[in-house]
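Worksheet for the structure shown next.
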């Protein structure tokens, strides 16, 4: 299965179904137990979260948010790039990375085209010349030709303008796909590897006290995402825009015609959306309700709303329960305001009104069928089946025993090495497949050498999402590459430093022996309840936490 996932001989989802056939044939597991692995709590969490994301996308709320933020940050090159990255990362936290990139790239394209068209108009309509006779030799850098004076400095600026514009286009497109991959790591449902982690934790350590939930993950991953986003922004600005404060930040200058025209494009696009409709407000309200319920269910530093209401004796309510509940409301609530007093107005009308207008819900099943990435659900299930088969066959225990010599290596060094390996591997294969392959092995390794499994599994989960160097690494990379501005060398040049930085940041961001955060500033005040995850004394017992 690993070879099939890496080479994609079969579609990833079809490969994920192979355990249903192979495990019973080889006597590893019976068919009933294998099939039970394909619809676990993690899959339902993913399903409910994606339904809400589909509703947000269907009502164009993500586009409205994106355009509004861009109007706030303005169109100065550095701030424009930061605005694109911030919006993309925020949207990618809640909807799929692919949908976010597919929505943002046309907006980036429209802004860049307007900047380019305005630059061409300025160059054609305002040449740097003065129609007056001057002496033949000039001492101030001007050249006399046919009685007209041309500035050599301005001519060089005009020659360099297309190159600078092309570099700016490359930087703006790369910032979108990078921000989509980085932003998805901030929430538990933002990208597939995060869900693989929580599913593997439930499978491999069923008695753990729900240490990886939406609130605890966000408390750690969101500050990490902010650091990665700022680092990627600074690097892309250095490579593609340069650190010319006057040009990139607009220090001490007034807005040019290019910037005004680009701002007008964004404003007109936002104005074309019109005022928010009843359906948009309803979807936004349900989305906010979902986020609030996720955060307050089990915050970690205090009891949540489910602790005493439902989970006093056993954990009945999980994040999946909340996600499916809110998703179900999308199929119940109407897309238009209900006419509560329609029967009264009808009774006083002399001409009967037609009631043939269909009142649809906020989300229909046809839209879900069209936009839901069903293959990811099968891929997650295949990973859980593979992990269960490895446990029952003894493969996980054997792999862990082979890694006992790693006890002599410091844990932070192990984390960095494994993160670099996974960051390289995920450039060539799906990030979900990468996490599915490596996380069970890393769990066995950590048990053998006596360290907290999460000390290695969390950084490697994040590293699986940081694929920046190749177009085939992730769908966002492929989308921006398809627009024709970028070469593979551009992506390699821009992504190598970001990938290396990400691997090192994840690898030595923790110090599990002292139960504190070290290295780069990881905003330790935000980690609160998540720090208890690191208090995991060796030796690790498989079914005890």
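Summary table
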| quantity | calculated |
| --- | --- |
| Length-normalised contact order of the stretch 289-332 in % [C-alpha pairs under 8 Å, at least 6 apart] | 37 |
| Gain in span if fully extended, residue 397 to residue 230, counting 0.36 nm per residue against the direct Cα distance | 56.1 nm |
| Packing rank of 442-455, 281-294, where each peptide gets the mean count of other beta carbons within 10 Å, highest leading | 442-455, 281-294 |
| Computed lengthening from residue 65 to residue 31, 0.36 nm per intervening residue step minus Cα-Cα distance | 7.6 nm |
| Sites residue 207 and residue 493, calculated FRET efficiency, Cβ-Cβ separation with R0 60 Å, nearest 0.05 | 0.80 |
| Cα→Cβ-extended label distance, 7 Å offset, between residue 296 and residue 9, nm | 5.3 |
| At R0 = 56 Å, FRET efficiency that the Cβ-Cβ distance of residue 478 and residue 303 yields, to 0.05 | 0.80 |
| Relative contact order (%) - criterion: Cα under 8 Å, at least six apart; region: the stretch 1-111 | 17 |
| Net lengthening on full extension, residue 332/residue 365 (0.36 nm per residue, minus Cα-Cα) | 10.7 nm |
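Here, each number is a calculation from the coordinates, and none is a lab measurement. What you see is a predicted model, and the numbers here were worked out from it, not measured in a lab. No Cβ is skipped: glycine too gets one built from the backbone with ideal geometry, and neighbour counts run over all protein chains shown.
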